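Read through the structure below, which is laid out as structure tokens, and then see the notes.
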Amino acid sequence: MHPLGLIAASVVERENLHILLQKGVSPHDFSLRPSDIDHLQEADIIFWGGPHIEPYLSGFARRWPDKVWIDISSFSELAKIKDPHYWMSVPATLAAQKVLADTLGKDSSDFQRRVEAAVEYSDRVLEPVRERGFFVFHRAYDHWVLERGLNQVGAFTLTPEQKPGMRTVQLMREQLRAGKVACVFREPEYSPALVVTVVGDLPVKHGELDPQGAYADLSRDGYAYFLTEMADRAANCLTP
Ligand SMILES: [Zn+2]
């Protein structure tokens with residue numbers, strides 16, 4: 001999927017990189033087409049999100065054990081929590097990228113430097129807004145929230161295909177009324193109708209975060225840009 005493609009593009013030439021889930025396609029409601037299976041069969045290395053977020057690949061991982069399967073969720077012990085969006089965790093990402101680089105006989109240190117610089121930048125721009133509360137669209141950001149020390153107050157939905165219950169909506173409206181939330185974040189792949197329904201005319205800033213990083217290109221710098229742009233968007237919306 002695209003965010004893993006951003007990581008892989010650090011050491012894989014563009015012509016050798018095939019992205020199974022293109023930009024804007026969410027893993028939450030995806031199923032493989034026959035052409036995807038052809039691409040999988042042609043691949044030597046499959047860099048994937050693991051069985052929780054990419055269940056459509058689990059069967060193939062068992063069926064083709066001779067291919068190199070690099071599962072970013074297998075580095076979960078490096079993250080602070082268990083959440084299947086492991087590309088949001090910098091330590092898990094660095095470890096997975098290093099295994100990919102080592103497998104290809106490439107150097108991982110350039111990626112590491114770029115990511116460290118992106119983290120430094122993120123911490124600098126987010127520092128003044130660390131205490132400011134926000135709602136995200138779905139629970140995709142927990143690694144980032146914990147690693148950057150941010151104040152995520154809630155999410156409109158656990159996974160995008162689920163609508164929140166009445167009690168959740170009521171709680172969110174109370175938190176908004178109480179002034180605990182400075183910004184609510186939409187996601188580009190999903191209709192903002194849910195956000196509009198919950199927020200109504202309560203005074204709060206609106207921003208957009210994209211856990212897939214569709215705004216970032218598949219380049220050596222793609223993942224670092226994914227991080228810095230996410231920090232910029234969050235800081236912009238959270239700044240009074
Ligand atoms: Zn998700």
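The values are calculated or read from the model by the stated rules, or taken from the named source; none is laboratory data. Just so it is clear, the structure is predicted and the values come from calculations on it, not from any experiment. All Cβ positions, even for glycine, are placed from backbone atoms using ideal geometry, and neighbour counts span all protein chains on display. Only protein heavy atoms, including side chains, enter the accessible area calculation; ligands, DNA and RNA are left aside. Shrake-Rupley method; radii C 1.70, N 1.55, O 1.52, S 1.80 Å.
Of all the listed residues (Glu187, Glu147), the sole one being open to solvent by 10 Å² or more (accessible area, probe 1.4 Å) and either within 16 Å of the ligand (Cβ to nearest atom) or modelled with pLDDT of 95 or more (or both) is Glu147. Within region 195-207, residues that are over 13 Å from Arg173 (Cβ atoms) and open to solvent by 90 Å² or more (accessible area, probe 1.4 Å) reach partners that are at pLDDT 90 or above and part of a helix (DSSP H, G or I) with beta carbons closer than 9 Å, at six or more positions or on different chains, in the pairs His206/Val195; His206/Val199; His206/Cys237.
When region 85-106 is filtered for residues that are over 16 Å from Gly213 (Cβ atoms) and either charged (D, E, K, R) or in a loop (DSSP other than H, G, I, E, B) (or both), the ones remaining, listed by number, are Lys98, Asp102, Gly105, Lys106. If you scan region 107-134, which residues turn out to be open to solvent by 90 Å² or more (accessible area, probe 1.4 Å) and either farther than 17 Å from Gly222 by Cα or not in a helix (DSSP H, G or I) (or both)? Selection gives Asp107, Arg124, Glu127, Pro128, Glu131. Filtered by the rule that a residue be of a type outside the set (S, T, N, Q) and within 12 Å of the ligand (Cβ to nearest atom), region 150-173 gives Ala155, Leu158, Pro160, Glu161.
Note on region 1-59: among residues that are over 23 Å from Glu189 (Cβ atoms), in contact (Cβ under 8 Å) with a residue 60 or more places away in the chain and surrounded by 14 or more Cβ atoms within 10 Å (Cβ to Cβ), the one that is nearest to the chain's Cα centre (by Cα) is Ser10. Is one or more of the residues making up region 92-99 under 17 Å from the mean Cα position of the chain (by Cα), without any contact (Cβ under 8 Å) to a residue 24 or more places away in the chain and within 22 Å of Ser10 (Cα to Cα)? Yes, region 92-99 contains a residue that is under 17 Å from the mean Cα position of the chain (by Cα), without any contact (Cβ under 8 Å) to a residue 24 or more places away in the chain and within 22 Å of Ser10 (Cα to Cα).
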